Structures are given as structure tokens and as C-alpha cells.
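The values are calculated or read from the model by the stated rules, or taken from the named source; none is laboratory data. Keep in mind it's a predicted model, so treat the numbers as computed, not measured. A quick note on method: Cβ atoms are made from the backbone with ideal geometry, for glycine too, and the neighbour counts reach across all protein chains shown. To get the accessible areas, we keep the full protein, side chains included, count just its heavy atoms, and leave off ligands, DNA and RNA. Shrake-Rupley method; radii C 1.70, N 1.55, O 1.52, S 1.80 Å.
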Amino acid sequence: MEPMPVVPDILTARFEDEAILRLRNYFGTHKEYRRFASIGPETTSLPVFSGSRFDSFGRVDGDQDTVTPADLLSLAFLSVEVSAEAVIGILEQSGPQIEALLRQVPSDLALHTMDNAAFEQVLGASDSPGRMLWDILRAHHLPVSWGMGETRVSKLLARKRPHLIPIWDSHVGQALDLPHSGEHWIVMHSLLQDPELIERLERLRHSAIADRANVSLLRVFDVLVWHAQKYPGGPTTWPASDSGDASRTV
């Protein structure tokens, strides 16, 4: 039997108070910019962390089974861009196939509620809809690349199935001791079978996030792991809100 993956420190009981502060820093801070030309509003308030808008930006009721332009634009909130080739391929050429696969994955399905058999059926098997979505978004069916690497694809799938697909990036890989995304879904499913971890994620979301209806437990996990890896020091080292005159236009 393989050893149980280790929960990152920031998600343990010992660091719960710190985790609340980190979530509030990520989701609650803004910078205010004053205009210096006689156009536009007097002030503009922008989030310190653009990723705090990733989950809610441009959402429309009924779009859960279709990748939309807003979905692709939202990836910029997490500091990744999408090539023109990917936009055409995802929205037009492969759009019907992607929609058909998304329809096979209920939008309210949560990774932590799935037993091993359900996980294999939806995400684990090579012919599961989750794996097929991954492959088509990676353009594995084509002799050319769309530039959609594992980080971009994980973020797009997390946008479409926020309760089911975790975000992958180098910070997550480092925290989970994974060199690539190949085992990421398996490791996350294993970690989330711990009821205490689920209760803690729910408690953290309730305590720290005002717009918690739009933020999944997987997103709480991702934000905390990323924030702790990116800013390992105390609160004085984290990006803070600002106000007053600024040196950038709005």
C-alpha cells in the first residue's frame, strides 16, 4: 500500500489562524488608484490578487457545460495567457467534443465525496470524461501544440468544475512533493478523504471569505498552498492594500 500523501502545513490545525489571515489577505485586499487625467472615474479599486476574481468573473447561468470566452479570459486572473490557436481550437473546432464531455461530468460533483470507483469512472481511467477532457485541451489529438500546458489546462478545468478539478502549478507540486501533474488528481482525491481536512477547509472558507458561495473547497486548498509557498514569511511580507495616488494609469 502506498503511503498517505502528507497534508501541507498551512492546512493543518496548527496553522489554522494563519490560514484565515492568508485567505483574508488574498480575497479581501484592494488597491485604490486615483485618476490623473480628466477621463474615467475619480478612483478605481483593483484587487491586490487578481486571482480573487477568477472564480466569479463573467459567469452566466447555464454555461457550465460550455467553455466560454470569459472562461479563457479568467485564466489571465491567474497569470497565464491563452494563445490564439488555443482560443480557436477550444471555442470553435473542438467545442462540440468538449461540451459533450463536460455533460458527462455533473457540475456539482465534488472530489471529496467520490469513492474510488466513482473517481476511476470520472477522472481516473484513460477513457473517463475527465481524462479525455484533459487530453483534448492539451491538444494530444493534434500534431501541433496549442500551448496549453498542464497548468493552463488545470486552471481551465477548475473553472468549469471547481468542486472536482484541482489547480496544478509549480507551487502545488512543491508542496505535495510531485514533480509533475500526472498523479495530482489521485493524490488530491486521497488527501480529501480525510474528514478533518474537509471540516477545516469548510471552516476556513466560512471564516475568511465573504463570497464563499463562489469559492470551492478545492480553491481554498489551492489558494492557501500557493500563498504559503509564494510568501513563506509572516503577514508583514504579504502584499497589502494601498490607497491614494498611484504611479499607474487606470
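With bins 5 Å wide beginning at 0, the percent of Cα pairs of region 130-224 falling in each bin runs 2, 12, 22, 23, 19, 11, 6, 3, 1, 0.
Each residue of region 123-140 was assigned a 3J(HN,Hα) from its phi angle through the Karplus curve 6.51 cos²θ - 1.76 cosθ + 1.60 (θ = phi - 60°); the sequence is 10, x, 5, 5, 9, 6, x, x, 5, 5, 4, 4, 5, 5, 6, 7, 6, 5 Hz, with glycine and proline shown as x. Taking one quarter of the surface of the convex hull spanned by the alpha-carbon atoms of region 169-237 gives a direction-averaged projected area of 5.4 nm².
Could you tell me the relative contact order of region 52-119? Use alpha-carbon pairs under 8 Å, at least six residues apart, and round to a whole percent.
For region 52-119, the relative contact order is 34 percent.
Roughly to the nearest percent, how much of the accessible area of the chain is carbon and sulfur, given a 1.4 Å probe?
With neighbouring chains kept in place, the figure for the chain is 51 percent.
With the convex hull of the Cα atoms taken as the outline of the chain, the averaged projected area works out to 15.4 nm². Packing, taken as the mean count of other beta carbons within 10 Å per residue, orders the peptides 59-68, 101-110 from highest to lowest as 101-110, 59-68. Expressed per residue, the C-alpha convex hull volume of region 11-155 stands at 165 Å³. If you run the Gaussian network model on the chain, springs between alpha carbon atoms under 10 Å, then out of Phe49, Phe15, Phe27 the most flexible one is Phe15. Once the Kirkwood radius over Cα pairs is known for region 87-189, the Stokes-Einstein relation at 25 °C and 0.890 mPa s delivers a diffusion coefficient of 175 µm²/s. Of Gly40, Gly28, Gly233, the residue with the greatest mean-square motion in the GNM of the chain, using alpha carbon springs below 10 Å, is Gly40. Annotation: per residue accessible area for the chain equals 52 Å², rounded to a whole number [probe 1.4 Å, protein chains only]. The spacing between region 108-152 and region 157-173, judged by their C-alpha centroids, is 11 Å. Pairs of Cα atoms nearer than 8 Å and 6+ residues apart set the relative contact order; for the chain it is 30 percent. Expressed as a fraction of 2.2 N^0.38 Å, the C-alpha radius of gyration for region 1-65 is 1.77.
Only Cα pairs under 8 Å and 6+ residues apart enter the sum, and on that basis the relative contact order of region 103-250 stands at 20 percent.
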